[in-house]
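I have placed the structure first, in the form of structure tokens, so that the comments after it can refer back to it.
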Amino acid sequence: MIRTYKSTLSGDTWVQLKKNKAAMLGLIILILMIVIAVFTPWLTPYSYETQNLALGASPPSMAHWMGTDVLGRDLMTRIMYGSRVSLMVGFVATIVALCIGVLWGALAGYLGGRADMIMMRIVDILYALPFTIFIILLMVIFGRSMLLMFAAIGAVEWLTMARIVRAQVQSIKQQAFIEAARTIGLSDLEIIRRHVIPNTLGPVIIYTTLTIPNVILLESFLSFLGLGIQPPNSSWGLLISYGVETMEEYPWLLIFPGITLSLALFSLNFLGDGLRDAMDPRISKN
Amino acid sequence: MDKILNVQNLRTYFHTRAGIIKAVDDISFCIHDGEILGIVGESGSGKTVACHSLMGLIPQPSAKIESGSAIFDQTDLLKCTEKQLRRIRGKRISMIFQDPMTSLNPYMRIGTQLTEALKQHTDLRGKAATDQVITTLEEVGITEPEKRIRDYPHQFSGGMQQRVMIAMALITGPELLIADEPTTALDATLQKQILELIKKLQQTRKLSIIFISHDLNVIANITDRVLIMQKGKIVESGDTAEIFQKSKHRYTKKLLDAIPTGAKQHPISTKENQQTLLELSNISTYFPVYSEGMLLRKKSFLKAVDNISLSVKSGETLGIVGESGSGKSTLARSIMQLLRPRTGTVLFNGMELQALSEKSLRSARRDFQMIFQNPYASLNPRMTVFKILAEPLLKYKTANNNPVSEEVSQLLDKVGLEHYQSRKYPHELSGGQRQRVAIARAIAVRPKLIIADEPVSALDVTIQAQILELLLKLSQEYKLAMIFISHDLSVVRYMSDQVAVMHQGKIVETGETEKIFAHPQHSYTQSLLSAAHTPIWQTNTA
């Protein structure tokens, strides 16, 4: 029985989520994308870096389903390899931002007073730091690496999350059920974990699904600055920015990476909406 | 007498995804010239929807008037276009609402708001309009109306705001006034003044009034005729005095019986040698009022609880009564150590609570629990009833080795809930059921003291009676000491052995309940008692 006490939330959520067709479709597409990303080397006969200058940019054909880029590389292969970077950046950086942001915001909002003021001023200061300068600074100090990129993106994205969570917590803190939890004798951490954070999940999930695409595009900006990945490696963001340059001559170089990214974003949004509803017992009905 | 409004076979249904809700189900009534008609019923009985249907104010398209007619001066209100209705609404039929603070625009001066109402329906402009506004404000008892028309709503007190609302409703000289719970948000003394005002205006202006309320005392005091509504139907109607003295319908009787009357059934006398459980000495809790500006500089203090000393013996119920803003809830939260008092000591069971460390205070909390006013807010919406009740049990791993599920079932039995309800979430329960869950949570860890802060004020009268019975039963069964806080004198009298009267942060009078009710010493207690209505159906029949 004590087990059910712990596990009913996740169980209920799953049951509710399964009823939501759009969310399930989103989930399936995302899983498919991850599977493809993992098994890419075995799924494609082409290499992402071997150039075929004789072929050049060719439109979609039987041999190259999504065409080739100006250097004659198979676009589909490059998108598949790109998804490895993009999905990893998208998820890892977002999870980093989520963890720091939710914890920081929840603590600041819950503690209030001076602690809140100091914590939020730190957020304000980091906000005020120009992103580009911040990145260049990191590069000068640490040099280039993928890890640094996660750190940089995480360091920027958690700020908004912290603010959102803090505002939520401040309103939840006023509710009588928090006082009721205090009268039971729960410690602050137990209250935050069991009563405060679950009630902030709605906005957090929505903001998370908005953060992931942000991060994926941010990666291409960082790569452009020289911090992210470098050619001949690829990512969705990079492919799209190259595609934009050659949009008029070779439109497929923009269209296919664009479709892939959009598909991922739609799936994420559907899944996010579904999760929010499934986690809120007031919306989901038995 | 002429019928000013004649309603026949009114049906208003709500079409929801869960099906059709018959909010108003075939009601017919009429109101005569210069009459006050009361509509009584519990929440959800359809009394407000009925009146909103007449005024074209129901939320469309989810609600729909299925049939009926409402003849007002030869026009059928239900068949009017929105344009025609607008000419009647606010000019010939006016409304006043429950909460004056949300009905007035906070960014507009009172004078401007009233003038606007006037401009909508009359040709009065400029000086003439202002004069009309000033005379109407004077009529509803606002002093120095020439100056006050320049004030904003928040500069008025709750009672004064309601007077402004009444002025706004009356300024166009309506023939019919619909008052929807106009005194519910007000304290007893203010309530009495507003009722007197409404009655006076009705006589001087020869108004007809439909007065909606859930409060039988108010209805009994002000209305000539009354309709009792239940589940969208009128179950009984007739002359007010007659209905209240010899009601025929079962539901009316149930409503009347539900009002707590008289003293506590088995009071615990002070002579019995009891141990003092809780001792407050010179407790003060102040709220700092900050001056404006970036640097939070302390300016002054609001003395919410001002030098209070009290004691509660084990097994005894202390009632604390006072109007809103008197500091009752702050006192409760100071005792619970949810707020740390500035000065004074709280001695509970021999322990000085403020002296305890955070950690030992948390374990000491087991012995004193609290029930909150609003059962809609005091339960975490994301936890099932089972989890809500299991939380305190797991926290203290109650000594006996019963599995938690067993204990939860026992708790549900104790508070009169079914076992299957443990799987439900709070929003799936009614207000009364939620308050039962909150009570179960409070008694789960077998405390010695329970502080109940207005535990029934958010509930309907029949539910209120059930919850009061439950609290009485549990306090006897577990020999619980209880601090019962309420603004409602009759409820406090029904529940408490001892009573303390609170006014502006101070205890003005304390003693045995019956002695205080029979011979109030302090002038404030006397005015409180005189403001409370004596139920006419009891004084007359007794």
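The values are calculated or read from the model by the stated rules, or taken from the named source; none is laboratory data. Remember, predicted model here, so these are calculated numbers, not experimental data. Glycine gets a Cβ as well: all are built from the backbone with ideal geometry, and neighbour counts include every protein chain shown. To get the accessible areas, we keep the full protein, side chains included, count just its heavy atoms, and leave off ligands, DNA and RNA. Shrake-Rupley method; radii C 1.70, N 1.55, O 1.52, S 1.80 Å.
Tabulated values for the structure
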{"quantity": "Condition met for B:Val437 (part of a strand (DSSP E or B), among the hydrophobic types (A, V, I, L, M, F, W, C) and at pLDDT 90 or above)", "calculated": "no"}
{"quantity": "The lone exception for B:Phe72 - which of (1) within 26 Å of B:Ala167 (Cβ to Cβ); (2) without any contact (Cβ under 8 Å) to a residue 12 or more places away in the chain it fails", "calculated": "(2)"}
{"quantity": "Flag if B:Arg382 is farther than 19 Å from B:Val445 by Cα and at the interface with another protein chain (Cβ under 8 Å from one of its Cβ atoms)", "calculated": "yes"}
{"quantity": "Residue ranges of helices (runs of 4 or more DSSP H) in the stretch B:354-426 with at least 3 members at pLDDT 90 or above, open to solvent by less than 30 Å² (accessible area, probe 1.4 Å) and under 17 Å from A:Glu190 (Cα atoms)", "calculated": "B:385-396"}
{"quantity": "Test: B:Ser490 is closer than 21 Å to B:Ile467 by Cβ and buried (at least 19 other Cβ atoms within 10 Å of the Cβ)", "calculated": "no"}
{"quantity": "Per-region count, the stretch B:105-135, residues under 29 Å from the mean Cα position of the chain (by Cα) and β-branched (Val, Ile, Thr)", "calculated": "1"}
{"quantity": "Selection count, the stretch B:125-144, where residues are open to solvent by less than 60 Å² (accessible area, probe 1.4 Å) and either among the β-branched types (Val, Ile, Thr) or in a loop (DSSP other than H, G, I, E, B) (or both)", "calculated": "7"}
{"quantity": "Filtered residue count, the stretch B:198-219, keeping only those that are open to solvent by less than 10 Å² (accessible area, probe 1.4 Å) and part of a helix (DSSP H, G or I)", "calculated": "5"}
{"quantity": "Residue satisfying all of: in the stretch A:243-279; within 14 Å of chain B (Cβ to nearest Cβ) and touching a Leu at 6+ places or on another chain (Cβ under 8 Å); least open to solvent (accessible area, probe 1.4 Å) among these", "calculated": "A:Ala278"}
{"quantity": "Residue satisfying condition, being buried (at least 21 other Cβ atoms within 10 Å of the Cβ) and either not in a helix (DSSP H, G or I) or not hydroxyl-bearing (Ser, Thr, Tyr) (or both), within set A:Leu210, A:Leu201, A:Leu218", "calculated": "A:Leu218"}
{"quantity": "In the stretch B:94-124, the residues that are without any contact (Cβ under 8 Å) to a residue 12 or more places away in the chain and surrounded by 16 or more Cβ atoms within 10 Å (Cβ to Cβ)", "calculated": "B:Leu124"}
{"quantity": "Residues of the stretch A:39-60 satisfying the condition of being among the aliphatic types (A, V, I, L, M), open to solvent by less than 90 Å² (accessible area, probe 1.4 Å) and free of Cβ contacts under 8 Å to residues at least 40 places away in the same chain", "calculated": "A:Leu55"}
{"quantity": "Count of the stretch B:237-255 residues which are in contact with a Ser or Thr (Cβ under 7 Å, 6 or more places away or on another chain) and open to solvent by 20 Å² or more (accessible area, probe 1.4 Å)", "calculated": "3"}
{"quantity": "Flag if A:Ile135 is within 13 Å of chain B (Cβ to nearest Cβ), touching a residue at least 40 places away in the same chain (Cβ under 8 Å), touching a helix residue (DSSP H, G or I) at 6+ places or on another chain (Cβ under 7 Å) and not aromatic (Phe, Trp, Tyr)", "calculated": "no"}
{"quantity": "B:Val437 vs. criteria within 12 Å of chain A (Cβ to nearest Cβ) and surrounded by fewer than 20 Cβ atoms within 10 Å (Cβ to Cβ)", "calculated": "no"}
{"quantity": "Scan of the stretch A:178-194 for residues that are open to solvent by less than 10 Å² (accessible area, probe 1.4 Å) and either more than 7 Å from chain B (Cβ to nearest Cβ) or part of a helix (DSSP H, G or I) (or both), ordered by number", "calculated": "A:Ile178, A:Ala180, A:Ala181, A:Thr183, A:Ile184, A:Ile191"}
{"quantity": "Test result for B:Tyr152, out of contact with any Lys or Arg (no Cβ under 9 Å at 6 or more places or on another chain) and of a type in the set (Ser, Thr, Tyr)", "calculated": "no"}
